[in-house]
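Peer 1: Before we start, here is the structure in question, set down as structure tokens.
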Amino acid sequence: MKINFVLNGKSVELDSRPDARLLDILREKLGIKSVKEGCGEGECGACAVILDGKVVNSCLVPAVAVHGSRITTLEGILETPENMRIKRALEEAGAVQCGFCTPGIVLAIYTYLKNGGTADDTSIRKYLAGNLCRCTGYNMIIEAVKLAIEMG
């Protein structure tokens, strides 16, 4: 089946099996490497993307569901002022180590900032839920979100 969507601001049209996952389309057909398979069950956030303004796990999204949608990956926000703030905040808070979870966490923080997120621990924790980080731990990530808000 033919699907059309906007990826990182550019129109995409491709043929795909209807049961294909968005994760596989992004990695295998389009070469997007920031979207990674972690658990394959929507629990870890390694495959997170922004789909029509909402952070979703691309391993759970069938190809047919993205027809006509707008998708943003980490590659699509790299040069934005928000991402520069997030990157600086993550570095200053010591909130990244191996980097496997970082793209999903950055996209979650990016949408949190875009949606007017506050420096409230409970709100930040709720927004970051579904992103697993086995190296750094969440306290430093929460501190990084607060720093990014302060820098804004």
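Peer 1: Taking the Cα centre of the chain as origin, work out the dipole magnitude from +1 charges on Lys and Arg Cβ and -1 charges on Asp and Glu Cβ, in debye rounded to 20.
Peer 2: For this selection, approximately 160 debye.
Peer 1: What ratio of Cα Rg to 2.2 N^0.38 Å holds for segment 79-151?
Peer 2: 0.95
Peer 1: Sticking with this one: Which lysines does Lys33 reach when only Cα atoms under 19 Å apart count, and residues fewer than 8 places away in its own chain are ignored?
Peer 2: By straight Cα distance, Lys33 reaches Lys10, Lys87.
Peer 1: Please identify which residues in segment 51-77 have an amide N closer than 18 Å to a label point set 7 Å out from the Cα of Ser11, following the Cα→Cβ vector.
Peer 2: 66-72
Peer 1: OK, next. Can you give the local net charge around Met1? Use residues other than it whose beta-carbon is closer than 11 angstrom to its beta-carbon, Lys and Arg +1, Asp and Glu -1. Walk me through the intermediate numbers first.
Peer 2: Working: positive: Lys2, Arg17; negative: Asp15, Asp19.
Residues close to Met1 contribute a combined charge of 0.
Peer 1: Something else now. Hey, how many Å between the Cα centroid of segment 2-16 and the Cα centroid of segment 72-128?
Peer 2: Computed from Cα coordinates, the inter-centre distance equals 25 Å.
Peer 1: Build a GNM of the chain with springs between Cα atoms under 10 Å: which of Thr111, Thr122, Thr136 gets the top mean-square fluctuation?
Peer 2: In the Gaussian network model the winner is Thr122.
Peer 1: So, one more: Using only Cα atoms, tell me the angle between helix 102-114 and the longest principal axis of the chain; keep it within 0 to 90° and round to the nearest 10.
Peer 2: 80
Peer 1: Still on this structure, please answer the following. Can you work out the base-10 log of I(q)/I(0) for segment 2-73 at q = 0.16, 0.18, 0.23, 0.25 1/Å, using the Debye formula on its C-alpha atoms alone?
Peer 2: -0.45, -0.58, -0.99, -1.19
Peer 1: With unit charges on the beta carbon (Lys/Arg positive, Asp/Glu negative), name the residue among Ala89, Phe100, Ala119 whose Cα is farthest towards the positive pole of the charge dipole of segment 79-151.
Peer 2: Phe100
Peer 1: Computed over the Cα atoms of the chain, what is the ratio Rg over Rh, Rh following Kirkwood?
Peer 2: 0.98
Peer 1: Compute the long axis of helix 81-92 from its Cα atoms, compare it with the longest principal axis of the Cα atoms of the chain, and write down the angle in degrees, 0 to 90, nearest 10.
Peer 2: The answer is roughly 50 degrees.
Peer 1: Set the Förster radius R0 to 25 Å, insert the Cβ-Cβ distance between Asn4 and Lys54 as r into 1/(1 + (r/R0)^6), and round the FRET efficiency to 0.05.
Peer 2: Details: r = 19 Å, r/R0 = 0.78.
Approximately 0.80, to the nearest 0.05.
Peer 1: Against the 2.2 N^0.38 Å scaling, with N counting residues, where does segment 75-114 land? I'd like the Cα-based Rg ratio to two decimal places. All intermediate terms of the calculation are to be shown ahead of the outcome.
Peer 2: Numbers: Rg = 9.5 Å, N = 40, 2.2 N^0.38 = 8.9 Å.
The value comes to 1.06.
Peer 1: Right, here's the next one. Grab the Cα-Cα distance for Glu91 and Thr122, subtract it from 0.36 nm times how many residues apart they are, and report the gain in nm with one decimal.
Peer 2: 8.9 nm
Since every read-out is calculated from the coordinates, none of them should be taken as a lab result. Just so it is clear, the structure is predicted and the values come from calculations on it, not from any experiment. Positions of Cβ are backbone-derived with ideal geometry, glycine not excepted, and every protein chain shown enters the neighbour counts.
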